[in-house]
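Worksheet: one structure, shown below.
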Amino acid sequence: MYGDDIASVLITQEEIAGKTKELAELIAKRYPADAPEGDLLLVGVLKGAIFFMTDLAKALPIPTQMEFMAVSSYGSSTSSSGVVRIMKDLDKDIAGRNVLIVEDIIDSGLTLSWLKRNLSTRNPASLEVVTLLRKPDALRTHVDVAHVGFDIPNEFVVGYGLDYAERYRDLPYIGTLDPKVYS
Ligand code: 5GP
């Protein structure tokens with residue numbers, strides 16, 4: 001539907017669905033359904049993580065609640081600087097809760113590292129991360145990520161929530177963008 005803007009499909013809709021189910025089973029093992037900390041709190045990072053977050057919540061066999069944050073990272077449209085500003089904060093206090101940050105993609109890891117530090121000052125009972133995608137550079141940063149869906153090459157990807165200039169989020173798969181779109 002975007003003409004020939006998409007150069008290749010990196011991860012299909014079926015592969016995403018299969019991986020989401022796998023991750024949900026692993027995550028559910030870590031949190032008892034009747035934990036004294038209450039329901040697992042999924043914290044999604046707007047807007048990219050929305051598709052993954054809702055599919056993951058549906059696949060999880062334990063009760064979950066959802067909160068969203070929007071952060072803006074200063075930098076160019078395709079790389080982040082690690083200087084982060086909160087555009088929308090959580091609506092609820094997370095003290096004493098089991099919190100799982102749900103990310104779409106970790107590239108340099110700077111955004112996530114900032115977010116983890118910020119949320120940990122709010123005294124959650126536990127704070128872990130699940131990301132659908134991870135790029136090679138993320139391995140060089142020391143951010144502990146409990147669950148990773150796919151390790152992908154160092155290419156700019158779109159679809160399944162991920163955008164370029166707000167477009168392509170609605171694609172049901174993850175694809176690479178034809179370089180002509182940037183120029
Ligand atoms: P980091 O701070 O880990 O370098 O960057 C994380 C953020 O950069 C992601 O949440 C996402 O918004 C954006 N980002 C990094 N790589 C890509 C990519 O390949 N495609 C898209 N659409 N966004 C990306």
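Here are the numbers for the structure shown:
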| quantity | calculated |
| --- | --- |
| Matching residues in region 150-165 - criterion: being over 25 Å from Ile94 (Cβ atoms) and either under 15 Å from the mean Cα position of the chain (by Cα) or open to solvent by less than 10 Å² (accessible area, probe 1.4 Å) (or both) | Phe150, Asp151, Ile152, Val157, Val158, Gly159, Tyr160, Leu162, Asp163 |
| Cβ-Cβ under 9 Å pairs, at least 6 apart or on other chains, region 83-95 side without any contact (Cβ under 8 Å) to a residue 24 or more places away in the chain, far side of a type outside the set (A, V, I, L, M, F, W, C) and surrounded by fewer than 11 Cβ atoms within 10 Å (Cβ to Cβ) | Val83/Tyr74; Arg85/Tyr74 |
| Residue check, Asp55 open to solvent by 10 Å² or more (accessible area, probe 1.4 Å), within 13 Å of the chain's Cα centre (by Cα) and within 9 Å of the ligand (Cβ to nearest atom) | no |
| Residue count for region 168-179, restricted to those that are out of contact with any Leu (no Cβ under 8 Å at 6 or more places or on another chain) and near the ligand (Cβ under 10 Å from one of its atoms) | 1 |
| Residue check, Asn118 on the phi > 0 side of the Ramachandran plot, more than 10 Å from the ligand (Cβ to nearest atom) and out of contact with any Lys or Arg (no Cβ under 6 Å at 6 or more places or on another chain) | no |
| Candidates Ile86, Ile101, filtered to the one that is more than 10 Å from the ligand (Cβ to nearest atom), more than 23 Å from Leu60 (Cα to Cα) and outside any helix (DSSP H, G or I) | Ile86 |
| Residues satisfying the stated conditions in region 34-51, i.e. among the hydrophobic types (A, V, I, L, M, F, W, C), within 17 Å of Val99 (Cβ to Cβ) and open to solvent by 30 Å² or more (accessible area, probe 1.4 Å) | Leu46 |
| Some residue of region 61-81 being over 17 Å from the mean Cα position of the chain (by Cα), within 18 Å of Leu162 (Cβ to Cβ), in contact (Cβ under 8 Å) with a residue 60 or more places away in the chain and loosely packed, with under 14 Cβ neighbours inside 10 Å | yes |
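Residue-wise test of (1) under 17 Å from Lys47 (Cα atoms); (2) of a type in the set (Ser, Thr, Tyr); (3) open to solvent by 50 Å² or more (accessible area, probe 1.4 Å).
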position: Lys92; (1), (2), (3): no, no, yes
position: Gly96; (1), (2), (3): no, no, no
position: Leu100; (1), (2), (3): yes, no, no
position: Ser108; (1), (2), (3): no, yes, no
position: Arg117; (1), (2), (3): no, no, yes
position: Leu127; (1), (2), (3): no, no, no
position: Thr141; (1), (2), (3): no, yes, no
position: Val148; (1), (2), (3): no, no, no
position: Arg167; (1), (2), (3): yes, no, yes
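Let's see how each residue does on (1) among the basic types (Lys, Arg); (2) outside any helix (DSSP H, G or I):
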site	(1), (2)
Leu23	no, no
Lys29	yes, no
Ala33	no, yes
Gly38	no, yes
Leu41	no, yes
Phe52	no, no
Leu56	no, no
Phe68	no, yes
Ser72	no, yes
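The values are calculated or read from the model by the stated rules, or taken from the named source; none is laboratory data. Nothing here was measured: the structure is a model prediction, and the numbers come from that model. Positions of Cβ are backbone-derived with ideal geometry, glycine not excepted, and every protein chain shown enters the neighbour counts. For the accessible areas, the whole protein counts, side chains as well, though only heavy atoms, and no ligand, DNA or RNA atoms are used. Shrake-Rupley method; radii C 1.70, N 1.55, O 1.52, S 1.80 Å.
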